[in-house]
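Quick one: this structure, given as structure tokens, is what I'll be asking you about.
The values are calculated or read from the model by the stated rules, or taken from the named source; none is laboratory data. All of these numbers come straight from a predicted model, not from anything done at the bench. Positions of Cβ are generated from backbone atoms using ideal geometry, with glycine treated the same way; all protein chains shown enter the neighbour counts. Keep in mind that these areas ignore ligands, DNA and RNA; they rest on the heavy atoms of the full protein, side chains included. Shrake-Rupley method; radii C 1.70, N 1.55, O 1.52, S 1.80 Å.
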Amino acid sequence: MRSLWLGIIVAHLLPAGIAPAQAEKPQAIITLRAWGVPDGFGVGPVQEAERQIMDEFRKRHPDINPVSPTGLKLPGEQTMDMVPMMQIAGDIAPDVLYVNFRASQTYIDMRLLYPLDAYVENVAGVHIENGYLLSTPEYLRRLKQGPGWPLIESRVLPQCWEVMRRQRPDGEGQHIYAYPVGPVVTGLMCERLQFAEHADEGVQMSGPKDWDQMLEWAKLMTDPANKDYGFGVNLSEPASTFANFLYAAGGQYVDQDEQGNWYCTIDSEAAVEAGYFWARLKYEKVIRDGKLVARGVVHDISGTGVRCAMQFTYLDDRFLQAATDQTKGFVPVPTGPTGLQRGEFNTLMVGIFSGLASNKLKRDAAWDYIQFFDGVEARRIRVEKLVEAGLGRFVRRKLLEQFNDNGRYDSVIRRIDPELERTYEIAFAGGVPEPYGKNCQAIYTELKGPVLAIWNNDDIRAAVDAGDKQAGKAIIRGIFRRAAERVNEKMLGNFTPQETRMRNVVSWSVIVVTLGSFAVLLVLVMKAFTPEHQRNLGGWQFSKYWKAYIIAAPALLLIAIWMYWPMVNGTAIAFQNYNVLGDSEWVGASNFSAVLYDSAFWYSLWVSIKYTILFMLFGFCAPILLAFLLSEVPRGKFLFRTIYYLPAVLTGVVVLFLWKSFYAPDGMINQVLNALVRLINYLPGVEMGYFNEDWLQNPTWALFFCLLPSIWAGMGPGCLIYLAALKTIPDELYEAADIDGATIRHKVFHVAVPTIKILVMINFIGAMIGAIRGSGGFVLAMTGGGPVTEAGGATEVVGLKLFYTTFGHLRFGVGAAMAWVIGAMLIGFTVFQLKRLSNVEFRTAGTN
């Protein structure tokens, strides 16, 4: 009863304003799409440490939930550079972006990064008024006056500042656009077991001292029969490996003049010297017991079951994860011919996406994440986890000493290999920052061709065989000179005013001719599809055919929305320096100039033409030939049709990767060829070498082998279409031909072919256009456009070139201009096909 009265009293009091205290409103959770968030599947102490760091961050910042960004992942060497661009283009941009040295200037020019000056100054404990107007040395002098400078100094090495703090896009001052989360330098990783096997031949685990000793040891450890090679190279990005030889020779890929303009220096004498040693790695003969064992000591590090005695690798300034593999050792890079011991210096850097400029709450959360990711507490957690796992001796001494509370890590510090610390010291002292200038995100791609061209040049091979260093260097000098000219024009945009005017005149002339051609061809198409009697009536005759127009309206509307409206927008983009974040500027015909004067574009078009010719010879003709053969098979037609159609049942991905395994050095192609070689070698006096070819890395055969899987999988379905057409030919025609004494050849070419000619012609034009437009997907999965020669990618068809340009590098304006140029070339085939269709009369079977 008492509780009842208490309830009544409370009910009367509530409306009067006396209410129980409300629960505190929960704080909104900020979902932060950030680079570096670990997944839940990694196994090992490093992965466990990363997950514990994230758990600690979430505990300290319960209102922030970092998640890993997602997006399309691309195969090949361009993945790392392209994925952030693809995510931005798809409107799923990370809030915390990974910024590598090469792409940093491009990100800044595209205004993708938010300036971090205020955040860094807050950490230092100073406020620098108009700091963006100061030079970097003066800005750092002011920054060092703050009490928090030691926190910054512990994370930011001196080489980082020239990359972190850059000129604003408008040229008015400088900002800090990225922050380091893990400096790395290049060292030489050695295979301990291979070194031990050749220790009695003078190979020492301390590593080669110079280039000559490196090559000498590499020869000793090369034995292709056992899949042993002296030096491993990442063939998907060879320019990155070559850079370390270039730096040791005293050269660089790019440099700045006094006005701050970037220019390519690959044509320097230091680069030529490095290039000749690069050629020796590939071409010098390995002779053992008087027999040729191998030509060259290099192999792709991605090869399965292959051991590479030496290869360049990154040494992390915090923890050498690769050293946990007890079969590996690490030494400084060998000295070059001038005595320099230099390698690449790099840093994992992150920045805040500029799309958060108006969202201070999320922007601050992004900075909190960046600060914590490699901050003091994160490093403490990482050190604890690694020491607990018995990997403390691979942690940098300075970190162990920093967190050596009460001597807890004394025993670990005593077990640190002094040679490993020495390797770090030498590597960081000689670290040369990776190229970071204008458009340098493409520097390795652009120089991949000339670097690999040295390895695909018979004249250079002959010079190495003859020991004629000057002749070899002369050829390499020419390759690098042409490469420097191309990079300076295409990538860095270094033109004289006269060249710029001429390019604009040519571009506008092409635009006018293209638009005029489209107009004329549109009139021709309309005329071709308008019957003669309809032209005399004139007008659209809405009153007579209004029902037909209503029925066709939805389809026409959808076509207009999804095809013609994007085409109109694309036309506008072709004349802009388009920015996905807005503020696009009109640039006139510059994008068309970039396309028309891009030798790589024309080379990709030539590759597409070769691909189309091969496809028409094999992919288009094979189903027709097969259909004729199957139509003449006396028994088992159903069985043969089933066998030929079965490949079409497999998904495209399965087909492509199945054939990729066939082309590998240990794949089916080489196995079959080597079986034939064994048989031939039984003949007296014959001793042929065995095949160990990676066929997709062979510039001569790569394009055909990219095409072969699609021919194999598409031949069956195409065959059935033509077989069905052949079944419509009346038997009376064949009987009449037999009476006239016609042979099989006469019946094929005088009865069958004329009957299905229209079907063949329609498919011919469609297949040709489809081969040019649709080949990019197959090539992307097979090779990504490689292997690369001096001229360009041996399999980089124009569709793939367009994809990389537009979505991989966010050059939408250039991509739109490229699409229009390609469309202008293909429109003639389309009109021809439409005119042929306009003359075809389709009738149902049995009608006259």
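Hey, Arg155 hits all of (1) assigned to a helix (DSSP H, G or I); (2) of a type in the set (D, E, K, R); (3) crowded, with 18+ Cβ neighbours inside 10 Å but one; which does it fall short on?
(1)
Is there a residue in segment 439-450 that is within 30 Å of Glu489 (Cα to Cα), at pLDDT below 85 and not in a helix (DSSP H, G or I)?
yes
Further question on the same structure: From (1) charged (D, E, K, R); (2) closer than 30 Å to Arg501 by Cα; (3) assigned to a helix (DSSP H, G or I), pick out the condition that doesn't hold for Asp583.
Unmet for Asp583, out of (1) charged (D, E, K, R); (2) closer than 30 Å to Arg501 by Cα; (3) assigned to a helix (DSSP H, G or I): (3).
Please pick out the residue among Tyr424, Tyr436, Tyr369 that is under 30 Å from Ile266 (Cα atoms) and assigned to a helix (DSSP H, G or I).
Of the residues listed, the single one that is under 30 Å from Ile266 (Cα atoms) and assigned to a helix (DSSP H, G or I) is Tyr424.
State whether the residues of segment 744-756 include one that is within 30 Å of Phe705 (Cβ to Cβ) and either buried (at least 16 other Cβ atoms within 10 Å of the Cβ) or modelled with pLDDT under 85 (or both).
Scanning segment 744-756, I find no residue that is within 30 Å of Phe705 (Cβ to Cβ) and either buried (at least 16 other Cβ atoms within 10 Å of the Cβ) or modelled with pLDDT under 85 (or both), so the answer is no.
In this structure, does Thr783 turn out to be buried (at least 16 other Cβ atoms within 10 Å of the Cβ), within 23 Å of Leu696 (Cα to Cα) and modelled with pLDDT of 80 or more?
Working: buried (at least 16 other Cβ atoms within 10 Å of the Cβ): yes; within 23 Å of Leu696 (Cα to Cα): yes; modelled with pLDDT of 80 or more: yes.
Here the answer is yes, as Thr783 does meet what is asked.
Under 8 Å by Cβ, and 6 or more places apart or on different chains, what pairs join a residue from segment 634-647 that is closer than 10 Å to Gly716 by Cα with one that is assigned to a helix (DSSP H, G or I) and open to solvent by 60 Å² or more (accessible area, probe 1.4 Å)?
Note: pairs meeting the criteria are Arg641/Leu720; Tyr645/Leu720; Pro647/Trp712.
Among the residues of segment 525-565, how many are at pLDDT below 75 and of a type in the set (A, V, I, L, M)?
Within segment 525-565, residues that are at pLDDT below 75 and of a type in the set (A, V, I, L, M) number 4.
Please go through segment 795-809 and give me each residue that is hydrophobic (A, V, I, L, M, F, W, C) and in contact with a Ser or Thr (Cβ under 8 Å, 6 or more places away or on another chain), ordered by number.
If we filter segment 795-809 for residues that are hydrophobic (A, V, I, L, M, F, W, C), which is where we start, we get 797-798, 800, 802-803, 807.
Selection gives Val797, Val798, Leu800.
Out of (1) in a helix (DSSP H, G or I); (2) open to solvent by less than 80 Å² (accessible area, probe 1.4 Å); (3) of a type in the set (A, V, I, L, M), the odd one out for Leu558 is which?
Checking Leu558 against (1) in a helix (DSSP H, G or I); (2) open to solvent by less than 80 Å² (accessible area, probe 1.4 Å); (3) of a type in the set (A, V, I, L, M), the one that fails is (2).
Determine if segment 373-380 includes at least one residue that is in a strand (DSSP E or B), at pLDDT 90 or above and open to solvent by less than 20 Å² (accessible area, probe 1.4 Å). Steps first, answer last, please.
Taking segment 373-380 and keeping what is in a strand (DSSP E or B), we get none.
No: zero hits.
Consider Phe245 carefully, then state whether it is within 29 Å of Asn674 (Cβ to Cβ) and either open to solvent by less than 30 Å² (accessible area, probe 1.4 Å) or part of a helix (DSSP H, G or I) (or both). Quick ask: steps written out before the conclusion?
Working: within 29 Å of Asn674 (Cβ to Cβ): no; either open to solvent by less than 30 Å² (accessible area, probe 1.4 Å) or part of a helix (DSSP H, G or I) (or both): yes.
For Phe245, the condition - within 29 Å of Asn674 (Cβ to Cβ) and either open to solvent by less than 30 Å² (accessible area, probe 1.4 Å) or part of a helix (DSSP H, G or I) (or both) - is not met.
Being touching a residue at least 60 places away in the same chain (Cβ under 8 Å) and over 27 Å from Glu162 (Cβ atoms) is true for just one of Ala389, Ala366, Ala357, Ala378. Which residue is that?
Step by step, each of Ala389, Ala366, Ala357, Ala378 is checked, and only Ala389 is touching a residue at least 60 places away in the same chain (Cβ under 8 Å) and over 27 Å from Glu162 (Cβ atoms).
List pairs: first residue in segment 696-721 and open to solvent by 10 Å² or more (accessible area, probe 1.4 Å), second residue part of a helix (DSSP H, G or I) and among the β-branched types (Val, Ile, Thr) anywhere in the structure, Cβ distance under 6 angstrom, at least six positions apart or on different chains.
Ala713/Val655
Same structure, new question: Would you say Pro147 is open to solvent by 10 Å² or more (accessible area, probe 1.4 Å), farther than 30 Å from Lys328 by Cα and either of a type in the set (Lys, Arg) or in a loop (DSSP other than H, G, I, E, B) (or both)? Step through it out loud before you land on a result.
Working: open to solvent by 10 Å² or more (accessible area, probe 1.4 Å): yes; farther than 30 Å from Lys328 by Cα: yes; either of a type in the set (Lys, Arg) or in a loop (DSSP other than H, G, I, E, B) (or both): yes.
For Pro147, the condition - open to solvent by 10 Å² or more (accessible area, probe 1.4 Å), farther than 30 Å from Lys328 by Cα and either of a type in the set (Lys, Arg) or in a loop (DSSP other than H, G, I, E, B) (or both) - is met.
Something else about it: Being assigned to a helix (DSSP H, G or I), of a type in the set (Val, Ile, Thr) and crowded, with 17+ Cβ neighbours inside 10 Å is the filter here; which residues of segment 382-416 pass it?
Taking segment 382-416 as the starting set, the residues that turn out to be assigned to a helix (DSSP H, G or I) are 382-388, 392-394, 397-402, 405-407, 410-414.
Still in the running and of a type in the set (Val, Ile, Thr): 383, 387, 412-413.
Passing the criteria: Val383, Val387, Val412.
In contact with a Ser or Thr (Cβ under 9 Å, 6 or more places away or on another chain) and either more than 30 Å from Ile352 (Cα to Cα) or surrounded by 22 or more Cβ atoms within 10 Å (Cβ to Cβ) (or both): does that describe Asp255? Before the answer, list the steps.
Details: in contact with a Ser or Thr (Cβ under 9 Å, 6 or more places away or on another chain): yes; either more than 30 Å from Ile352 (Cα to Cα) or surrounded by 22 or more Cβ atoms within 10 Å (Cβ to Cβ) (or both): no.
Answer is no for this residue.
Looking only at segment 668-688, filter to residues that are of a type outside the set (A, V, I, L, M) and surrounded by fewer than 10 Cβ atoms within 10 Å (Cβ to Cβ); which one of those is nearest to the chain's Cα centre (by Cα)?
First pass over segment 668-688, keeping only residues of a type outside the set (A, V, I, L, M): 670-671, 674, 678, 681-682, 684-685, 687.
Within this subset, residues satisfying the condition of being surrounded by fewer than 10 Cβ atoms within 10 Å (Cβ to Cβ) are 682, 684-685, 687.
Values: Tyr682: 46, Pro684: 49, Gly685: 48, Glu687: 41 Å.
Filtering segment 668-688 for residues that are of a type outside the set (A, V, I, L, M) and surrounded by fewer than 10 Cβ atoms within 10 Å (Cβ to Cβ), the one nearest to the chain's Cα centre (by Cα) comes out as Glu687.
Here's a follow-up. Among the residues of segment 278-312, count how many are buried (at least 16 other Cβ atoms within 10 Å of the Cβ) and at positive phi.
Count: 1.
A follow-up question, please. Looking at the structure I just gave you, is Lys473 modelled with pLDDT of 90 or more and either open to solvent by 60 Å² or more (accessible area, probe 1.4 Å) or of a type outside the set (D, E, K, R) (or both)? Break it down stepwise before answering.
On the way: modelled with pLDDT of 90 or more: yes; either open to solvent by 60 Å² or more (accessible area, probe 1.4 Å) or of a type outside the set (D, E, K, R) (or both): no.
No.
What strands (runs of 3 or more DSSP E), lying completely within segment 160-209, carry at least 2 residues that are over 33 Å from the mean Cα position of the chain (by Cα) and modelled with pLDDT under 90? Walk me through how you get there before you give the answer.
Values: elements: 165-167, 174-176, 179-191.
Once the strands (runs of 3 or more DSSP E) in segment 160-209 are filtered for at least 2 residues that are over 33 Å from the mean Cα position of the chain (by Cα) and modelled with pLDDT under 90, nothing remains.
Continuing with the same structure: Enumerate the pairs (first residue in segment 736-757 and under 19 Å from Leu625 (Cα atoms); second residue anywhere and at pLDDT 80 or above and open to solvent by 70 Å² or more (accessible area, probe 1.4 Å)) with beta-carbon separation below 7 Å, excluding pairs fewer than 6 apart on the same chain, so at least 6 apart or on different chains.
Val751/Leu733
Output the residue which, of all residues in segment 193-247 that are out of contact with any Asp or Glu (no Cβ under 8 Å at 6 or more places or on another chain) and of a type in the set (Val, Ile, Thr), is farthest from Val293 (Cα to Cα).
Within segment 193-247, the match that is farthest from Val293 (Cα to Cα) is Thr241.
Here's another thing I want to ask about it. Take segment 343-364 and flag every residue that is among the small types (Gly, Ala, Ser) and either over 14 Å from Leu116 (Cβ atoms) or surrounded by fewer than 24 Cβ atoms within 10 Å (Cβ to Cβ) (or both).
As a first pass, look at segment 343-364 and keep what is among the small types (Gly, Ala, Ser): 343, 351, 354-355, 357-358.
Listed by number, the residues that qualify are Gly343, Ser354, Gly355, Ala357, Ser358.
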